Amino acid sequence: MSTTELLFSRTDTELGSFAVRPLDPFADAELLHGWVTHPKASFWMMQDASLPDVEREYMRIAAHEHHQAYIGLHEGRPAFLMETYDPSELELVGLYDAQPGDVGMHFLVAPSDTPLHGFTRAVITTVMAAVFADPATERVVVEPDVANTAVHALNEAVGFVPERKVTKPEKEALLSFCTRAQFEAATAAQGVSI
């Protein structure tokens with residue numbers, strides 16, 4: 001799969017074009033290193049990662065049967081990281097009753113010196129629309145750190161409903177779910193086209 005191949009794209013009426021392409025662990029490592037070690041990415045838990053650490057982590061993900069990573073583009077330029085995983089195989093094994101069609105998701109917006117109003121919401125909308133573009137996806141599952149209140153608000157804005165706290169080895173997480181219908185209702189209520 002080429003890193004120029006777009007797997008999903010949408011146009012945000014306010015902020016323009018967004019797209020998702022495959023991540024290349026080698027070609028994208030330097031870019032990712034700057035993102036995951038930035039102070040704003042503290043919840044990504046890679047603050048002290050070296051460039052080889054980032055390469056190894058994304059090579060591991062690329063080789064994993066149940067974990068995928070993608071680069072998100074805004075107006076053709078790399079702007080966010082998106083990961084999907086099978087929560088019955090990774091991250092949440094034994095912490096909840098996984099259902100067929102569940103997809104786990106992580107996203108990280110690249111640091112910017114010129115933030116755009118509404119950008120992070122447009123990114124999470126794109127990520128969710130990309131995940132739901134697969135007809136097999138019934139529900140998206142997330143497990144952000146309980147202290148990450150900014151992402152909880154974003155998650156709720158796109159339809160996530162928090163269920164409960166779960167204890168993971170690396171953090172206390174807020175287990176939340178969003179069905180396709182909840183996502184569509186949340187975006188429709190905001191007048192957002194997906």
Task: Criterion (at negative phi and open to solvent by 20 Å² or more (accessible area, probe 1.4 Å)) met by exactly one of 85, 58, 70 - done: 70
Open item on the list: Among the residues of segment 126-134, are any closer than 24 Å to residue 33 by Cβ, of a type in the set (Ser, Thr, Tyr), open to solvent by less than 30 Å² (accessible area, probe 1.4 Å) and outside any loop (DSSP other than H, G, I, E, B)?
Closed with: yes
Open item on the list: under 16 Å from the mean Cα position of the chain (by Cα) and closer than 21 Å to residue 130 by Cα: is that true of residue 43 in this structure?
Closed with: no
- [ ] Go through (1) on the phi < 0 side of the Ramachandran plot; (2) more than 18 Å from the chain's Cα centre (by Cα); (3) open to solvent by 60 Å² or more (accessible area, probe 1.4 Å); (4) not aromatic (Phe, Trp, Tyr) and name the single condition residue 94 misses.
- [x] (1)
Open item on the list: All but one of (1) more than 16 Å from the chain's Cα centre (by Cα); (2) assigned to a helix (DSSP H, G or I); (3) exposed (fewer than 15 other Cβ atoms within 10 Å of the Cβ) hold for residue 117; state the number of the condition that does not hold.
Closed with: (2)
- [ ] Within segment 140-194, work out how many residues are outside any helix (DSSP H, G or I), open to solvent by less than 60 Å² (accessible area, probe 1.4 Å) and within 24 Å of residue 44 (Cβ to Cβ).
- [x] 21
TODO: Looking at (1) surrounded by 19 or more Cβ atoms within 10 Å (Cβ to Cβ); (2) in a helix (DSSP H, G or I), find the lone condition where residue 105 falls short.
DONE: (2)
Task: Matching entry among 164, 121, 139 (being among the basic types (Lys, Arg) and out of contact with any helix residue (DSSP H, G or I) (no Cβ under 9 Å at 6 or more places or on another chain)) - done: 164
Open item on the list: Test of understanding: among 67, 33, which residue is over 17 Å from residue 120 (Cβ atoms) and at pLDDT 95 or above?
Closed with: 67
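Would it be correct to say that residue 132 is farther than 23 Å from residue 31 by Cβ and aromatic (Phe, Trp, Tyr)?
Working: farther than 23 Å from residue 31 by Cβ: yes; aromatic (Phe, Trp, Tyr): yes.
Against the criterion (farther than 23 Å from residue 31 by Cβ and aromatic (Phe, Trp, Tyr)), residue 132 qualifies.
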Open item on the list: Looking only at segment 132-178, count every residue that is farther than 19 Å from residue 92 by Cα and of a type in the set (D, E, K, R) and tell me the total.
Closed with: 2
Open item on the list: Quick test of your reading of the structure: residue 91 fulfils all but one of (1) of a type in the set (Asp, Glu); (2) over 19 Å from residue 177 (Cα atoms); (3) touching a Lys or Arg at 6+ places or on another chain (Cβ under 8 Å). Name the failing condition by number.
Closed with: (2)
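The values are calculated or read from the model by the stated rules, or taken from the named source; none is laboratory data. None of the values given here were measured: they were computed from a predicted structure. In this analysis, Cβ positions are derived from the backbone assuming ideal geometry, glycine residues included, and neighbour counts consider all displayed protein chains. All accessible areas refer to the heavy atoms of the entire protein, side chains included, with ligands and DNA or RNA removed. Shrake-Rupley method; radii C 1.70, N 1.55, O 1.52, S 1.80 Å.
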